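In what follows, a structure is listed as structure tokens, so that the remarks can point back to it.
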Amino acid sequence: MSHLPQIDYDTASPEVRAAHDEEVRLRGRMTNMKRTLLHSPAAHRIYAEWFTLRAELDHAISDRAIWIFSHAISKAARSRIAVTFFRRALINKGFNPDALEFSDEEALLDDFGKAIVADSNAVPTELWAKLKLSYETKVLVDLVAFAGIMLATAVFNNIVEVDLDPELEAFAEGASSSAS
């Protein structure tokens with residue numbers, strides 16, 4: 001059970017309701033994490049920059065590759081909500097997250113995501129060399145910043161113990177449904 005409550009829209013301040021409504025307008029839904037973050041519209045806005053960085057990376061990295069990268073970070077951080085979110089993304093596009101065959105780029109991003117969480121002070125030089133051959137500097141800056149927000153999201157969910165969104169339950173590791 002979550003250590004912090006989700007906002008109650010009906011009793012929330014006009015600022016919180018406006019931030020809530022804008023999130024729903026932009027993304028079409030409201031997650032448990034976002035409902036919790038909205039106690040501070042500033043915190044919510046900062047975490048929502050994940051979407052801004054994703055858009056910056058869109059021209060250089062495919063959705064599937066970003067999902068694999070994000071899944072690797074989430075799994076290494078042991079964040080059930082984040083892992084399940086990216087499992088759902090993969091499953092909904094017809095991929096089995098438990099039996100993915102990675103392209104070279106996806107394997108590189110999977111390794112990078114895991115390395116970031118394992119020890120951000122010791123990302124292997126060989127890995128950096130491959131990344132520099134694959135991406136221009138701006139893309140790498142955006143990718144590392146994106147990873148930071150992805151890790152922050154996983155950490156927030158872990159620390160607060162945000163409740164798993166009901167629509168994610170069927171996609172969780174070990175779920176016995178037709179979704180996985």
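Structure values in brief
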| quantity | calculated |
| --- | --- |
| Accessible surface, 1.4 Å probe, highest first, among residues M33, M150 | M33, M150 |
| Eligible lysines near K138 by straight Cα distance, threshold 24 Å, same-chain separation 8 or greater | K114, K130 |
| Where the chain is the region considered: accessible area per residue in Å², 1.4 Å probe | 54 |
| Hull-based mean projected area of the stretch 79-180, where the convex hull spans the alpha carbons, in square nanometres | 7.4 |
| Cβ-Cβ FRET estimate between M1 and F102, R0 fixed at 41 Å, reported to 0.05 | 0.70 |
| Kirkwood Rh and Cα Rg combined as Rg over Rh, evaluated for the stretch 3-55 | 0.95 |
| Cut-off 19 Å, label 7 Å out along Cα→Cβ of E173, residues of the stretch 88-104 by amide N | 88-92, 95-102 |
| Residues with amide H under 5 Å from that of S2, placed H, sequence gap 5 or more | D163 |
| Helical contribution to [θ] at 222 nm, DSSP H n ≥ 4, -39,500 (n - 2.57), averaged over the chain, rounded to 500 | -19500 deg cm²/dmol |
| Fraction of accessible area attributable to carbon and sulfur, the stretch 86-139 (%, probe 1.4 Å) | 49 |
| Calculated Rg and Dmax of the Cα atoms in Å (choose from (i) 18.0, 62; (ii) 14.6, 42; (iii) 16.8, 53), label | (iii) |
| Per-residue ³J(HN,Hα) for the stretch 146-154, Karplus 6.51 cos²θ - 1.76 cosθ + 1.60, θ = phi - 60°, Hz, x for Gly and Pro | 4, 4, x, 5, 4, 5, 4, 4, 4 |
| Mean Cα-pair separation over length for the chain, i.e. relative contact order, pairs under 8 Å, 6 or more apart, % | 32 |
| From phi via Karplus (6.51, -1.76, 1.60), per-residue ³J(HN,Hα) for the stretch 106-118 in Hz, x at Gly/Pro | 5, 5, 4, 5, 4, 4, 5, x, 5, 5, 4, 6, 4 |
| Percent carbon-and-sulfur accessible area, the stretch 1-70, ignoring ligands, DNA and RNA, probe 1.4 Å | 55 |
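The values are calculated or read from the model by the stated rules, or taken from the named source; none is laboratory data. All values derive from a computational prediction rather than experimental measurement. When we count neighbours, we look across all protein chains shown, and the Cβ atoms used for this are built from the backbone with ideal geometry, even at glycine. For accessibility, only protein heavy atoms count, side chains too; no ligands or nucleic acids. Shrake-Rupley method; radii C 1.70, N 1.55, O 1.52, S 1.80 Å.
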